[in-house]
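First up is the structure itself, then whatever we jot down about it.
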Amino acid sequence: MSAQIIDGKQAAAQLREELARKIAKEEEKPVLAVVLAGENEASKVYVRNKKKAAAEVGISCEVLELSASIGEHALQEVIEELNENPHINGIIVQLPLPEHLDSQRILNSIRPEKDVDGFHPYNAGLLAVGNPEAVVSATPRGILKLLESTGIDFTGKHAVIIGRSNIVGRPTAALLLNHDCTVTIAHSKTKNLPDLVRQGDIVVAACGRPKIVKKDWVKPGALVIDVGINRVEGKLCGDVDFDNVREVAAFVTPVPGGVGPMTVAMLLENTYEAFCRQKQKSGHSCHCGGHGCSHC
């Protein structure tokens, strides 16, 4: 048995093409504001990639580069200006922030309707109670899209998620629970982790430990989603021992080329949907025809 590879690059490219067609019909274009504080080189690379991807689908991306020494109050004032600006549809704060800043407090200052990262407690709460109006974090939303691409019926499936972060683990658990999975969240304190993971029809590895998920951890025929991005001896790898796990899984995502491209595509989708909601609120409609956007 050899697992079918879930191609995140291909799926993301298709989603971007569909999004570009919808945005091309709009008289106005969605605008995404990215707040970048400090000199973190990895963050700069991520922001450049987001700006490039946004331009490809017709979304204007405005990057605000701020000093690493900016105070918390000053940063909140910058975000409030973006909140008040009617031309800005989505706001993201690139993480990590400089250590002297409280990341959660900063994220909480973004208005929920412009929170296209889905990190605000209001959106997290909507997701937790199964409200379809929730803005879902880009990575969990991308994970769901990749799982849906397999054609597998989720109903009653046991999903085991390794990792309990507010960015991936917890929202992914809520999302899969809302799609009728039975969900278990494992973490660093979980006992007998291999035995638990082996019960999963769906395994989502998001713990940041290179190749921790081994072949004998995986139930034959399972769907395995690898969210990890680790650099070992100069090479990227995930949290899953890919070459061996693919011998027993039915489907598996690669690293790179799996969840990563989908995360960017879902961020762009969230931005377009925020644009649609805001247009509708102002008495206008977007041009997805009610089919490409859940808010029309």
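The values are calculated or read from the model by the stated rules, or taken from the named source; none is laboratory data. Every value quoted in this text rests on a predicted model; they were computed, and no experiment measured them. Note that we place each Cβ from the backbone using ideal geometry, even for glycine, and neighbour counts take in every protein chain shown.
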Can you spot a residue in the range 165-184 that is loosely packed, with under 14 Cβ neighbours inside 10 Å and over 22 Å from the mean Cα position of the chain (by Cα)?
no
Which residue is farthest from residue 103 (Cα to Cα), if the candidates are limited to the range 47-85 and must be at pLDDT 95 or above and of a type in the set (S, T, N, Q)?
60
Checked 60, 109, 43, 103 against criteria (under 21 Å from the mean Cα position of the chain (by Cα), of a type in the set (Gly, Ala, Ser) and closer than 22 Å to residue 15 by Cα); the one match is 60
Give me the pairs: first residue in the range 42-55 and in contact (Cβ under 8 Å) with a residue 60 or more places away in the chain, second residue among the basic types (Lys, Arg) and surrounded by 15 or more Cβ atoms within 10 Å (Cβ to Cβ), beta-carbon distance under 9 Å, and six or more apart or on different chains, which are they?
53/16
Identify, please: which residue in the range 125-136 is buried (at least 21 other Cβ atoms within 10 Å of the Cβ) and without any contact (Cβ under 8 Å) to a residue 60 or more places away in the chain and is, among those, farthest from residue 276 (Cα to Cα)?
127
If I go through the range 72-119 residue by residue, how many of them are out of contact with any strand residue (DSSP E or B) (no Cβ under 6 Å at 6 or more places or on another chain), in a loop (DSSP other than H, G, I, E, B) and surrounded by 21 or more Cβ atoms within 10 Å (Cβ to Cβ)?
2
Do you know which of the residues in the range 87-108 that are of a type outside the set (A, V, I, L, M) and touching a helix residue (DSSP H, G or I) at 6+ places or on another chain (Cβ under 8 Å) is farthest from residue 136 (Cα to Cα)?
100
Filter pass, residue 143 being under 19 Å from residue 254 (Cα atoms), hydrophobic (A, V, I, L, M, F, W, C) and in contact with a His (Cβ under 8 Å, 6 or more places away or on another chain):
no
